[in-house]
Structures are given as C-alpha cells and as structure tokens.
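Enquirer: Sending over a structure as structure tokens; questions will come in a sec.
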Amino acid sequence: MTRSHLSRTLIAGIAGVWLMLPLPAAGQSPAERYQDALARERSLRQPGAKPAVGEFRELIAAYESIVLAFPTSDYEDRAIWQAAGLAVEVYDRYRDDLDLEVGIRLLGRLARFHRGSPFAARVTERRGQLEALTRFARLTAIEREVWDDVVRVLIRLDRDVAFHSERLADPDRLFFDFPHTDALAGLRDTTLTFDDDHRSVHRIRLGRHPNRTTRVVIDTADADACSIFTVYEPYRVVVDCRRPELHPVVPATPLQPLLAALMEAPRSPLHVVAEALRQDRSAAAPAPARAAAATAAARESPWSTPPPGETGAFSLARQLGLQVSRIVIDPGHGGHDPGARGHGLRESEVVLDIARRLERRLLTQPGIEVVLTRRDNTYIPLRERTALANRVQADLFLSIHANASHKSHARGIETYFLNFAPDPNAERIAARENVAGGGTMNNLGDLLETIASNSKANESRDFAGVIQSSMVAALRQADPDIPDLGVKQAPFIVLIGARMPSVLAEVSFLSNSREARLLSTDDYRDRIADALFEGILRYRNRLQPAARLAQQD
C-alpha cells in the first residue's frame, strides 16, 4: 500500500461506526474494564497459547468499548493504543485487510483527538509498522493434489515474488526462498506430512530466514522428476512431481549411437533409422505396419519445404477461430546440461535471461498468461517440457536456444518446427539438441509415428514464420549483415508431444565471436525478447480476423 493510499484509508477510517461494540458490564469503572482487557491480553500471550483471529478481534472490541462508554476518562487513550497494537499484530499474523483498516482508524483517532497523550508521539512509528507490513508479500496457502501421473504442489501468494529455488540430493528435496514474504500464522514454521502412498511429495516444511524470507522445502522421491512453473491471476508457484510408481526405470539401449549416426549421415535420417533397426535386432522394433506408415507419411509430407516467412493462407486454427491465451516459454537446457558454450557464455544462462525478459513483456498484455518451464539453472527433461505445456493447456510453446557450429564463421538466426530433417545441417542441429533426450531405441517407432502424424505442423510452421521474420527485422537493426537462415524443420525431442503449435528458435550462434559479443549485451538480448514478443503477438493477432468474420456471419 502506498503512503497516499494509507492516508486516504486513514481519513476514511476515522469516521468509522462504533455502535456495534459491546458495552461494559453495569457498574464497572473504566479502570476495571481496562484491567479486565489487559488480563485477557496477557492470557492470549501466554507461552504455548494459540489464539484464533476471533479472540484477537474480540479483545480489540473490548478495548474500544471502553472508549465508547467512557469517552472522557483517563483510560481512553490507553485503550485506543492497546487496541491499535493488537490490530497491528493480528494483521501481521493473518494479513486480513479488515485488521489493517481497524489499526489505521484507531491510530488516526489517537493522533487527532489525543494530541497531548504520551502515546500520540508514537503514532508515526506504529503507522510505519503497518505500512511496512503492506510491502511484504503473503504466502496464503499450500495445497497438494494427486493427479493421474503427477503429484502437484500449489504455493499460493498474494503477489508476484521473484523467488530462488534449488534441487538437493541425499535426501532429494526442493527448496524455495521467497524474499520479503510472510506466511500466514497457520503456516509459519509448520510441517505438512502426507501418509498416503504417493511418495513423489511426502512432506512440505516451512521456515523463516533473515530479511523476512519464507523458505518452503518439498521432500520428494526424485527432485529431478519435478518441474516448476508459475501461474498468474492469482499468482502461484506450481510444482509437478512425476509419480515414480507410474514411471519405472527400464534399462534399454541408449539412443546416442543413432544420434551420432544422424550427425554424420549424408542421406535421409529415415535410411539411418532403417539401418540402425536392422543392425540391432535385440531392440524392441516397432510394428512393421506402423513403421511403414510413418515412413510413407514422412516422404509424402506436404510441408517438407516450408517457405521462410508467413504463408498468408487461412490455417486450420484461423478457420476454427481459435485464440491464444496461455503461452509456455521454454529456456533450453539447464542444470547439468549447459548447452552450447562459447566465448565465455553458456547457452542455458543466455536463453533463461532472454526468456525472463520475454515473460515480462508478455505479462503487460491483457488476457495473456505465461508459464516458464524453468526459472533457474535446473535441468528439466526434454519430454517433461512439452508434457508441462500439455498439462497447463497452453496455446503456444516456444523453446529458446542459442546455436553453435564447428565452423566458427557460421552465424545467423533460424526457427524450427517439428518434422523430419530434410538436410544434413538440420540433422546435426537436431542431434545436438536431442542429446539430453534420454530416449531409447525402444522409443523409435513411437517417435517416428508421432512426427509423421504431427497434426499441428501447419500451425507450427505459420508460428515459426512470424517468429523468424520478427527476429530478422529486429536483429538487423543491431547487426545489418546477420544472415536469415529461414524456417526449417527437424525432429526435436522437445517439440514432440506438444498438443499446441510449437517452435524452437535459434537466436544466434555462440560459436561465432561476433554474435557471441552481441549476445553478451543487454541491448541485444532485449532486441531478441522484443522480436519474440512481436512474433507471438503477430501470430495471435492473425488468428483474430477469422474469429471476427465468424462472429459477423
């Protein structure tokens, strides 16, 4: 609350109605009534006492009743001062605006009508305490929900908080530090234990740290199996931990040999796939009919050579009048997977910074919700990123990456959507980005079928077109010679499984000294965020004319 708002509330509160307060017992003097109230207050403050908010409010009313019944007694200012102190305490404990208004009203009465009282000189100090409390965020609730495949924890706050989180092992746990945040009284220094069989989240602990920092610790079976994102209006931090009983670890042949072959193969990746399957009969091969259908569909794909910019055609999304509201932004890599490295920069750090800048821009738009797949330097499995987007029912998925090449002169910007790679360069980039995919040869048939039957490819291609053209226009203001590498297609694991238009943007080359210098500057990162922001809005706005036309019809 601002000082001006506090003053307005103070002026309005001075005129509050006192008629609902309880009257003192017949025959009691103001001194007796005041001593009775003091005795009740001491009992509430006894060690081990856990008074409810109603008991505090009843005591405040008891002090105020002295003022109502004995307005000219020597105890009036004392009663107001005690009641105001209780109002500050109960607001600190429970953060109900009702108690804030009571405290402001009482302090205003004391300052206005008891200027000669020794308590009047301390009104400014106590007002300052109230005003300071309004600057702190409130952690209002922690909820645990068991879903089909995850256990979800919701940490609810009354405002946006820039928190810090980490994953720790032995035992596995996640902790969140919320600076300048107070938990409500019922949550402070508490431990929530869950006795059911869902061990993904079996305990949640809250504690207080210096500088009004509230720490939340989530004890889990596997910290790396948890994803963290934020949701707005109202603001809450969401933690999804996969249930280990539904995701058993099955040893299988690693996919890395296939990825290495893709990087070196001069031919189509489908030929490499066929050869790998023939050479490894021990792997669980996909059903022949499914593999053949996937191969045929890939060869007959109508979008195998997409144009580098916007198509201008009415996509299915526009024909159906669909809209964009919730957007998942995926900063690539993280944790033990730093991504590309070059000239003192790490891809995981660069793209996270760009994602945060983009988030701030998107949140200025009415009707837009933003979810980040990660908010700090933690590793999120590739498949979990799109699984998260599906769980939150996102309308768009944008994965942000920085490029790299063994050729130091390679540079430029390009945007990908999901499909089979039509050229060796796209193959190599897909193989590099998919190294952390964690898949096995047993997954190959399903991956081929998913890519070949990608029903959202046209929408993703359109989305990629506006992202690419926006990046080219914005970044050429900083680097007029930056190459436009165009819209491309490749089988990125991070895009497989998304049920919404999804693209991967390679924003510049870390392996190129010129582009790395640009990527190290705030100005260039802001330009990238501006370009991605503009691209998202352009794609969103392109959907709206069809919707308006449908409404007119």
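The values are calculated or read from the model by the stated rules, or taken from the named source; none is laboratory data. The structure displayed is predicted, hence computed values, not measured ones. Using ideal geometry, Cβ is built from the backbone for each residue, glycine included, and neighbour counts are taken over all protein chains shown. Only protein heavy atoms, including side chains, enter the accessible area calculation; ligands, DNA and RNA are left aside. Shrake-Rupley method; radii C 1.70, N 1.55, O 1.52, S 1.80 Å.
Enquirer: Using 7 Å Cα-to-Cβ label points, what is the Ala69/Gln35 separation (nm, one decimal)?
Expert: 1.5 nm
Enquirer: Can you tell me how the range 145-244 classifies by the Cα gyration tensor, rounded, prolate or oblate, using a/c under 1.5 as the rounded cut? All intermediate terms of the calculation are to be shown ahead of the outcome.
Expert: Working: a/c = 1.68, a/b = 1.44, b/c = 1.17.
It comes out prolate by the Cα gyration axes.
Enquirer: Based on the Cβ-Cβ distance from Asp523 to Arg341, what FRET efficiency comes out when R0 is 30 Å, to the nearest 0.05?
Expert: 0.85
Enquirer: Find how much the distance from Arg42 to Gln28 grows on full extension, using 0.36 nm per residue of separation minus their present alpha carbon separation; answer in nm with one decimal.
Expert: Answer, rounded to one decimal: 3.0 nm.
Enquirer: How much length is gained on full extension from Leu154 to Gln323, taking 0.36 nm per residue of separation minus their Cα-Cα distance?
Expert: 58.2 nm
Enquirer: Further question: What full-extension length gain, to one decimal in nm, is calculated for Trp147 and Asp197 as 0.36 nm per residue of separation minus the Cα-Cα distance?
Expert: Working: separation 50, 0.36 × 50 = 18.00 nm, distance 1.30 nm.
Value of the extension gain: 16.7 nm.
Enquirer: Another question, then. Can you pull the percent of the range 127-246's accessible area that's carbon plus sulfur, 1.4 Å probe, other chains left in place?
Expert: Summing carbon and sulfur atoms, their accessible area is 46 percent of the total for the range 127-246.
Enquirer: At Asp189 and Thr124, where each label point lies 7 Å from the Cα along Cα→Cβ, what is the point-to-point distance in nanometres?
Expert: Going by the 7 Å Cα→Cβ label model, 3.4 nm.
Enquirer: Here is a follow-up. Tell me the carbon and sulfur percent of the accessible area for the range 495-536, rounded to whole percent, probe radius 1.4 Å.
Expert: On the range 495-536, the fraction of accessible area on carbon and sulfur atoms equals 43 percent.
Enquirer: Highest mean first, how do 103-112, 174-183 rank when packing is the count of other Cβ atoms within 10 Å averaged over residues?
Expert: Put in order of decreasing packing, that is 103-112, 174-183.
Enquirer: Ok, one more. Please state the relative contact order of the range 32-162 as a whole percent: Cα pairs under 8 Å, 6+ residues apart?
Expert: 15 percent
Enquirer: How many nm is it between the label spots at His406 and Ala49, if each spot is 7 Å from the Cα in line with the beta carbon?
Expert: Computed distance between label sites His406 and Ala49 equals 7.6 nm.
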